[in-house]
1. Can you list residues whose amide H is under 5 Å from residue 101's amide H, if they're 5+ apart or on another chain and H is modeled 1.01 Å from N?
2. Quick one: Karplus J couplings for region 60-75, per residue in order, coefficients 6.51, -1.76, 1.60, θ = phi - 60°, nearest Hz, x for Gly and Pro?
3. Hey, which lysines would be in cross-link range of residue 122, C-alpha to C-alpha under 17 Å, not counting anything within fewer than 8 residues on its own chain?
4. Amide H to amide H, which residues 5 or more places from residue 39 or on other chains are under 5 Å from it, using H placed in the peptide plane?
5. Could you list 8, 96 so that the one with the fewest beta carbons within 10 Å of its beta carbon is first and the one with the most is last?
6. For the chain, what is the mean residue ellipticity at 222 nm derived from helices alone (per DSSP H run of n ≥ 4: -39500 (n - 2.57); sum divided by total residues; nearest 500 deg cm²/dmol)?
7. At what distance in angstrom do the alpha carbon centres of region 26-99 and region 119-143 lie from each other?
8. Indicate, rounded to the nearest 5 percent, the antiparallel portion of the DSSP beta bridges found entirely in the chain.
Amino acid sequence: MSPAAAVIAVDHGTKKTGFASTDALRTAQWPLEAWHGPGDSEELLDHISSLVEERSAATLLVGLPLNMDSTEGGQARAVRVFIERAQARLKGVEVIAWDERLTTREAEVLLREAGFRGEDMKARRDSWSALVLLRDWLESGEPR
């Protein structure tokens, strides 16, 4: 992976998927618009392919929903299947699974601090969760 390439973070969901991105130098991160639709659809992969191309991303960071005891449950297994499909589809893009425990809770805190409430907060939560995931990974030194 080239160090000067964007990263796209994904908070994968069954009905809505949130996204966040960095710039190529990793100096800024921001939430992107969430995608509404089935998490196992080809349309979601089409959307991600478009984001990767549009932002010249070399890394797709996917939140892995682990249980609090670090085990993988049913949702984590579904995300692993999604990751396999994304890897097969996105040639030349590194796809990384990253522990997403507590990202939604942290995203809700950030949204409240930013003044969002109710439906506004709910509409932004998935992409802000992806933003928290992305920041956590960056702050951890971008481990593989």
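Read-outs: derived from the displayed coordinates by stated rules, not from any lab. Since the structure is predicted, the reported quantities are computational estimates derived from the model, not experimental observations. For neighbour counting, all protein chains shown are included, and Cβ atoms are generated from backbone atoms with ideal geometry for every residue, glycine included.
1. Sorted by chain and number, the residues that satisfy this are 66.
2. Residue by residue, region 60-75 yields 10, 9, 10, x, 9, x, 7, 6, 4, 8, 6, 7, 9, x, x, 5 Hz.
3. The reachable lysines, counting only those whose Cα sits under 17 Å from residue 122, are 15, 16.
4. Placed amide hydrogens put 15 under 5 Å from residue 39.
5. Lowest to highest Cβ neighbour count: 96, 8.
6. -14500 deg cm²/dmol
7. Centre-to-centre (Cα) distance: 13 Å.
8. Of the beta bridges lying entirely in the chain, close to 50 percent run antiparallel.
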